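Novice: Submitted below is the structure of interest, expressed as structure tokens.
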Amino acid sequence: MMSRFAGNDLLLVALSFAWIVLVIAVGEITRRVGNYPGDLTRKVIHIGVGMWALPTALLFHSSFWAAFCPLVFILLNAVSYRLRLMEVIEEGGRGSPGTIYFPLSFALLILVLWPLGGRAASVAGLYAMGFGDAAASIVGRRWGRHRYRLGPVVKSWEGTGALLAAAFVFILLGTWPVLGHPAPAASALAAVTAGAAEAPAGHGLDNLTVPIAAALVFLVLQGGGG
């Protein structure tokens, strides 16, 4: 017979799918009705999906069911990337493997870190990506004037500063409920690590490097919180 916890997790899986579909729908409606640029609505979706890391860490019991929705979206986003089905999440209309890497990192952080007591660390990594990278993209594209190059990748100091600030604030706030106390030092070092991991990554790879690097640093420094 299915346990009470498993039943609760299946309900949470349904809520996870509903939340992500809602976020994508809001992004698409905003793009079409408000005529906002595609990069802005894509980052709004990034933030909305990343926000779900905290309810996932607080409410799910099973790491498998917590990772189930991201695992499904790896497949769905891969199909979309191949066939260009969802313009609202595709980079500049060309598509980007970053749309596959983001749910992949979501699933990996849950499946690998939760058994190690790394629920808070998974939130740290996904908030660094969802909020920090979104802030870097939005600020860098609109106000980035001071550029620097790391290999083939060109970044702006304004965007990097926005990433560091947003990542620190949201990692601190997002991990607090999981840990039961604030972790400013671990949050700051995880944010710096996220900035270092994001800067040289191109073609969507930051969707892997940023959350994984930030989560591991947070785990080592602070522990996971369950």
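The values are calculated or read from the model by the stated rules, or taken from the named source; none is laboratory data. Just so you know, these numbers come straight off a predicted model, no measurement behind them. Every residue, glycine as well, gets a Cβ built from its backbone with ideal geometry; the counts of neighbours run over all protein chains shown.
Novice: Which condition does Tyr148 not pass, out of (1) at pLDDT 95 or above; (2) surrounded by fewer than 23 Cβ atoms within 10 Å (Cβ to Cβ), if it passes all the others?
Specialist: All conditions are met except number (1).
Novice: Return the residues of segment 33-83 that are at pLDDT 95 or above and of a type in the set (Asp, Glu); say none if nothing qualifies.
Specialist: Within segment 33-83, none qualify.
Novice: Is one or more of the residues making up segment 203-217 over 14 Å from the mean Cα position of the chain (by Cα) and either part of a loop (DSSP other than H, G, I, E, B) or under 13 Å from Phe131 (Cβ atoms) (or both)?
Specialist: For segment 203-217, residues over 14 Å from the mean Cα position of the chain (by Cα) and either part of a loop (DSSP other than H, G, I, E, B) or under 13 Å from Phe131 (Cβ atoms) (or both): present.
Novice: Follow-up. For segment 84-94, state whether one or more residues are in a helix (DSSP H, G or I), buried (at least 22 other Cβ atoms within 10 Å of the Cβ) and at pLDDT below 95.
Specialist: yes
Novice: Right, next: Filter segment 1-32 down to residues that are of a type in the set (S, T, N, Q) and under 18 Å from Ile110 (Cα atoms) and give me whichever is modelled with the highest pLDDT.
Specialist: In this case the residue turns out to be Ser16.
Novice: Kindly list, by first and then second residue, each pair from a residue in segment 204-223 that is over 17 Å from Tyr101 (Cα atoms) to a residue that is outside any helix (DSSP H, G or I), limited to pairs with Cβ atoms under 6 Å and residues at least 6 apart or on different chains.
Specialist: Leu219/Gly118; Gln222/Ala183
Novice: With segment 96-147 as the region, which helices (runs of 4 or more DSSP H) entirely inside it contain at least 3 residues that are in contact with a Gly (Cβ under 7 Å, 6 or more places away or on another chain), among the hydrophobic types (A, V, I, L, M, F, W, C) and farther than 24 Å from Ser80 by Cβ?
Specialist: Qualifying helices (runs of 4 or more DSSP H): 119-127.
Novice: Restricted to segment 95-109, and to residues that are small (Gly, Ala, Ser) and modelled with pLDDT of 90 or more, which residue is farthest from the chain's Cα centre (by Cα)? Give the derivation first.
Specialist: Of all residues in segment 95-109, those small (Gly, Ala, Ser) come to 95-96, 98, 105, 107.
After this cut, where a residue has to be modelled with pLDDT of 90 or more as well, the list is 105, 107.
Numbers: Ser105: 8, Ala107: 11 Å.
If we take residues in segment 95-109 being small (Gly, Ala, Ser) and modelled with pLDDT of 90 or more, then Ala107 is farthest from the chain's Cα centre (by Cα).
Novice: Output the number of residues of segment 152-178 satisfying the condition of being of a type outside the set (Asp, Glu) and more than 19 Å from the chain's Cα centre (by Cα).
Specialist: 6
Novice: Separate question: Only one of Pro200, Pro182 is outside any helix (DSSP H, G or I), more than 16 Å from Phe131 (Cβ to Cβ), modelled with pLDDT of 95 or more and not aromatic (Phe, Trp, Tyr). Can you tell me which?
Specialist: Pro182
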